[in-house]
Amino acid sequence: MNYTTVYSTDRPICKKCRQIPCTCVRNTQGTTRQAVRILRETKGRKGAGVTVVTGLAMTSAELKALLTLCKKRLGCGGTMRGDVLEFQGEHRDALLHIFSAMGIEAQKSGH
């Protein structure tokens, strides 16, 4: 008879690397270097400026979570277009501070 475990106090074993804790996630993140750029754009927005963040190597769900966190901290509106985050207004310095606190290396780009 095949028995399946209903509940266990053991830590889960990763199905890919068979390690506790999983080491495969760290290996994939450590090899890719993100070239995160924070810039201000006014083109195509009738003079209204937005702060644009490009180059984040994250999944769509992670980008949405980061967008929500940044919007709450900045107190502004924003959106995600593909893999680019846009925030209403000039927030380059504040975003640089938020990203450095999270361990994401980012650079200001443009004027």
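Bear in mind these aren't lab numbers, they're just calculated from the coordinates by the rules spelled out. These numbers were taken from a predicted model, which means no experiment stands behind them. No Cβ is skipped: glycine too gets one built from the backbone with ideal geometry, and neighbour counts run over all protein chains shown.
Okay, here's what the table says:
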read-out	value
Calculated on alpha-carbon atoms, Rg and Dmax of the range 33-109 in Å	11.5, 35
Segments 78-89, 47-58 sorted - mean Cβ within 10 Å per residue, highest first	47-58, 78-89
